[in-house]
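Everything below concerns the one structure shown next.
The values are calculated or read from the model by the stated rules, or taken from the named source; none is laboratory data. Model, not experiment: these values are computed from the prediction. For neighbour counting, all protein chains shown are included, and Cβ atoms are generated from backbone atoms with ideal geometry for every residue, glycine included.
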Amino acid sequence: MRAAADILSLIGDTPLIRLNAASAATGCDIYGKAEFLNAGQSIKDRTALGLIQAARASGELKPGGTIVEGTAGNTGIGLAIVGAALGHPVVIVMPRSQTEEKKQAVRMHGARLVEVDPAPFASPNHFVHFSRRLAAQLNESEPNGAIYADQFDNLANRRTHYATTGREIWEQTEGRIDGFVCAAGTGGTLAGVSAYLREQKADIAIALADPPGAALHSWFTRGVLESHGSSVTEGIGVNRITGNLEGLTVDHAWRIEDEEALALLFDLVRDEGLSLGPSSGVNIAGAIRLGRALGPGKTIVTVLCDPGQRYAGKIYNPAFLRTRGIAVPSWLEGA
Ligand code: PMP
């Protein structure tokens, strides 16, 4: 028999796929790590598994204990899968502004979904603070206790990307990688992958791609946390140095406008048969800039975080694009 032992063994070991237009535009070899092929269809399945394995190993999460997390959605979907497979109830707190498709996926994987109004991080109603309080309450009331998974500040997040995503990229490129670039939500991917790759190759170029409304671009270029504008992207764009971002340095940082990221995504659908979520567009835009910065002939890797289907009602919806003044690709007209 050739069969996976369970759903958890279908997290990680994703392939690299060559991004042909991005490679042609730069003269580099640009590859995307196909994280949309994970069991729960996003990069955050790895984080979910890593957080829960660490919490079980330390004894903090008891058998049958409840898992609570605040998330833009993908970590919630991953946790719902991991929780079900390992026998833990899961409660997910999401800002109402995130896509219906992600909320549905959280529910369809058996987790309880709590929606909250979007609020700034300084407000006690921000989903992170709300979910931390909820975890403390459930820890008192649930028979087997509850934990707050804490993807932003729990370093098991970046350790997972160090041990899996980073190592896989190094092995898959057979050490030929010259640069890695991605956006940051918690920063776990960027920090974990870059730490692993720099250990293998000290002069590898590490770059951040930041959406409008995020503060890491100003942090890495000017040493101050400042943000302006807003973005249709989800799951990326942070305004503070999370625990997982602490100590990280990058060689390049770019701010990527939504129009640029979405145009790249729409071309990928038409020309390469790849339908991806908006953070992948920011990442690919970053990879093209990194290719131009490093010059032709280099090998660059970025992350294809989740599938376009998860944003059917938003960036793949002509009516939504029109409200944002974003050009609708001809193949999507009439959809
Ligand atoms: N893209 C998407 C679609 C995401 O959901 C996330 C995580 N919130 C990221 C990118 C960013 O990953 P990380 O949290 O590791 O920075």
Pair list, Cβ < 9 Å and 6+ apart or interchain, from the stretch 75-86 residues that are in contact (Cβ under 8 Å) with a residue 12 or more places away in the chain to residues that are away from the ligand (no atom under 15 Å from the Cβ) and among the acidic types (Asp, Glu): 85/6
Exactly one of 300, 284 is part of a strand (DSSP E or B) and at pLDDT 95 or above, and that residue is 300
Taking the stretch 184-216, which residues are under 24 Å from residue 292 (Cβ atoms), within 16 Å of the ligand (Cβ to nearest atom) and surrounded by fewer than 21 Cβ atoms within 10 Å (Cβ to Cβ)? 212
Restricting attention to the stretch 37-54, report how many residues are within 16 Å of the ligand (Cβ to nearest atom) and surrounded by fewer than 24 Cβ atoms within 10 Å (Cβ to Cβ). 4
Which count do you get for residues in the stretch 81-137 that are surrounded by 14 or more Cβ atoms within 10 Å (Cβ to Cβ), closer than 22 Å to residue 315 by Cα and among the hydroxyl-bearing types (Ser, Thr, Tyr)? 1
Candidates 226, 246, filtered to the one that is more than 16 Å from the ligand (Cβ to nearest atom) and at pLDDT 95 or above: 226
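At least 1 residues that are without any contact (Cβ under 8 Å) to a residue 12 or more places away in the chain and aliphatic (A, V, I, L, M) in each: list the helices (runs of 4 or more DSSP H) lying fully within the stretch 97-194 that qualify. Step through it out loud before you land on a result.
Details: elements: 100-108, 127-141, 156-160, 167-172.
Because the criterion is at least 1 residues that are without any contact (Cβ under 8 Å) to a residue 12 or more places away in the chain and aliphatic (A, V, I, L, M), the helices (runs of 4 or more DSSP H) in the stretch 97-194 that meet it are 100-108.
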Restricting to the stretch 240-278, what's the tally of residues that are under 20 Å from residue 24 (Cβ atoms), among the hydrophobic types (A, V, I, L, M, F, W, C) and surrounded by fewer than 18 Cβ atoms within 10 Å (Cβ to Cβ)? 2
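Would you pick out the residues in the stretch 313-335 that are within 16 Å of the ligand (Cβ to nearest atom) and either crowded, with 16+ Cβ neighbours inside 10 Å or under 28 Å from residue 291 (Cβ atoms) (or both)? Give the derivation first.
Let us first name the residues in the stretch 313-335 that are within 16 Å of the ligand (Cβ to nearest atom), namely 313-316.
Of everything in the stretch 313-335, those that are within 16 Å of the ligand (Cβ to nearest atom) and either crowded, with 16+ Cβ neighbours inside 10 Å or under 28 Å from residue 291 (Cβ atoms) (or both) turn out to be 314, 315, 316.
Tell me the residue from 57, 22 that is assigned to a helix (DSSP H, G or I), buried (at least 24 other Cβ atoms within 10 Å of the Cβ) and more than 16 Å from the ligand (Cβ to nearest atom), please.
Values: 57 fails: buried (at least 24 other Cβ atoms within 10 Å of the Cβ).
When all the criteria are applied, what remains is 22.
For (1) more than 16 Å from the ligand (Cβ to nearest atom); (2) without any contact (Cβ under 8 Å) to a residue 60 or more places away in the chain; (3) in contact with a helix residue (DSSP H, G or I) (Cβ under 7 Å, 6 or more places away or on another chain), each residue gets a yes or a no:
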position	(1), (2), (3)
231	no, yes, yes
261	no, yes, yes
270	yes, no, yes
288	yes, no, yes
303	no, no, yes
When you go through 221, 233, 242 one by one, which is the residue that is closer than 24 Å to residue 197 by Cα, β-branched (Val, Ile, Thr) and touching a Gly at 6+ places or on another chain (Cβ under 9 Å)? 242
